[in-house]
Structures are given as C-alpha cells and as structure tokens.
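Shown next, in structure tokens, is the structure this report addresses.
Throughout, read-outs are computed from the coordinates displayed, never taken from laboratory work. Everything quoted here is computed from the prediction, not taken from an experiment.
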Amino acid sequence: MDSLQLLLQQGVAVQSRGWQSRTTLSYAALGGNAAPVRFLLEEGSEIDAKDVFGRTPLSLAAGSSEDCRAAIEILLDEGAEIETRDDSGSTPLLRACAARKYKHQYGTIKMLLDRGAAVEAKDQTGSTPLMQACEGDRTSDDRYELIELLLDRGAATEARDKNGRTALMKAAHVSYARLLLDKGALIEATDDLGTTALMHAAWRLRLDVAKELLSRGAAVHARSKNGMTAISSVKPAGYLDCMKMLLDRGAKLDARDNDGKTALIYAVNGWREPSAAVATLLERGAALKARDNQGRTALSYAIMRREKRLIVQLLRANRKGRV
C-alpha cells in the first residue's frame, strides 16, 4: 500500500499498463489483494479495464489460483460488470468453473452465483459453467461439489455446446456422470455427429464412466451418423479394458461404420500398439477377412503400415482358420 501511494504521489498514472496490457488494478485483483484493490478504485482506476485478452480485473480474479474472494466482493460492490466477457466469450463464472481445483473455488463460484451470475452463460464454443466443471482430471472427483452447486442453482443438464454436446458427454469422472444422471441427464442424447455419452466415454478412455452408463442402460450398439459404435471408438494404444468391457456387454464385434470398417480394422489401422487389441478381438471371433468399402482387410492395413509383427500375427490367425 505504501509503495502504491508513493508511486501515485510521484506521478505514476493509476491507469498505467504492464504485461498483457494489464492495469495495476488487474494485478492487485489477480493476486487477491483486497486493500490495494480498494485503494486503486478510490484513486480512480477503471474497474472494467480489459487486458489484451479482454479480461477485466473481475475476470482475472475469478480464475485465479489465489483466494480472491475479498477482492471479488469489493469489485462487485463497486459495480464491476459480472457478465463481462473476454475474447473467448467467457464470463467470470465460466472462468471460475474452468480453473483448476483450488480450495477457494467453491466459495468463489458460490459468491458469483449469489451475486447474480448467469448459470447458463455460454462461451464462444457454447460451453456452460456446468460443462466446464464436468471436464478435467478423470482420476479425481474434486469438482463434485461445484457440479452439485451449479445443478442446485438451476444449471440445465441438457444444455448443448456448439457441437451439440451435453455435460454428460464431457463428464470426466464417474461421480459427475452419476450425479448428472440422477438429476435427469438423458443417457441416449446425441451430439451433432450422433455420438452418445457412451461413445464419448469410450473415446476418452473413461472406463468407470462407461461402466456407469452401461449399468444405467446405455445402448452398446448405438451408432453415430458415420456408423461408429462405442467399440469402434476405442482406438488409443494400451487401453484394452474399455474394449473388453464393451465386448463383455455384448458389443458387436463386426459392426461396420459408414466406411465399412470394423473394430479389428480400426485396431490395426488406428492403434499405435495394436497387437494386444488385435489378439483380443481375434480371440473373441472377429472376422479376419472382413473388407471395408475400399476392399481392404485388417491384413491389408497391416501391410500398408509395414507392421511386420502385426502381419505375422494376422497371417498366423488366418492359418488357424479364423474367418
């Protein structure tokens, strides 16, 4: 405070800007420093001055890793625009929900909601605060209470982003999916590509989420607009558990997408380390000689990729009489 007063007494402009065109007030708010925030406002600092990304002091404070609740309260009391948007279309509430989990995050979000922040605000991608909160680390459920708060304040489970995705499709942790389903989220809702929440879970390797969806009756045979099913969505290397679970739940081994590709062809052509997946699919009876719309088999793709180990694996399976 003393240094701020001294600088202003020596003629430093209260509206002077630094890195990323942020004002002194922006830096004070970002650090959660309540006393300097109040002082700078009293000295005439512009309360909604935007930096190069369109973020105001309130926007920066809302998404900060510091506990900025006292600073946020002062800014709001002094008339800061609670629905201000940065260049990505994010409001302070959206920024708070998208931030990494901090101890004060719940309190920040509750404060913004209590002060009238729009729970259904959308950024330029169409993402809502609920969607932002549902995304994140699939190994932790530390956003559960945030999601519960947003739902209690009226967040719509069926709101959609610009790709038609719902919060359930973005749920990173099984507890989030369970909560959304308990609140009435539609399990068979599809996005603009016809992709279901189960397909999204399989694609993102969220095994526990996929299990929960299946236990609630999600259709394992559902097809997207391009003919993809949950099993053909499982492509990244090293993740066999999700594929095995879908097979155990009755996923069709040789279901074809609009290009005629089967799960075996996708495993050969899409996985970085396909041998284990190929072995599992063959053991379950996948059709080795199935051809896609270009007339290519799994072996054709293995040859195209020059995967010697995979070629040998498929040839041996062929000699054993697998169809």
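Numbers for the structure displayed
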quantity	calculated
Volume per residue of the C-alpha convex hull in the chain, rounded to whole Å³	141
Helix 105-114 vs. the chain, principal-axis angle (Cα, 0 to 90°, nearest 10)	70
Amide H within-cut-off set for Met228, under 5 Å, with H built and near neighbours excluded	Asn258
Which listed pairs, of Lys101/Lys170; Lys110/Lys183; Lys252/Lys308; Lys103/Lys162; Lys101/Lys211; Lys211/Lys244, have C-alpha distances above 22 Å, in listed order	Lys252/Lys308; Lys103/Lys162; Lys101/Lys211
Kirkwood-based Rg to Rh ratio, the range 1-118, C-alpha trace	0.96
222 nm mean residue ellipticity, helices alone, for the chain (DSSP H n ≥ 4; -39,500 (n - 2.57); rounded to 500)	-12000 deg cm²/dmol
Using θ = phi - 60° and Karplus 6.51 cos²θ - 1.76 cosθ + 1.60, couplings along the range 170-176 (whole Hz; Gly, Pro as x)	9, 4, 7, 10, 4, 5, 5
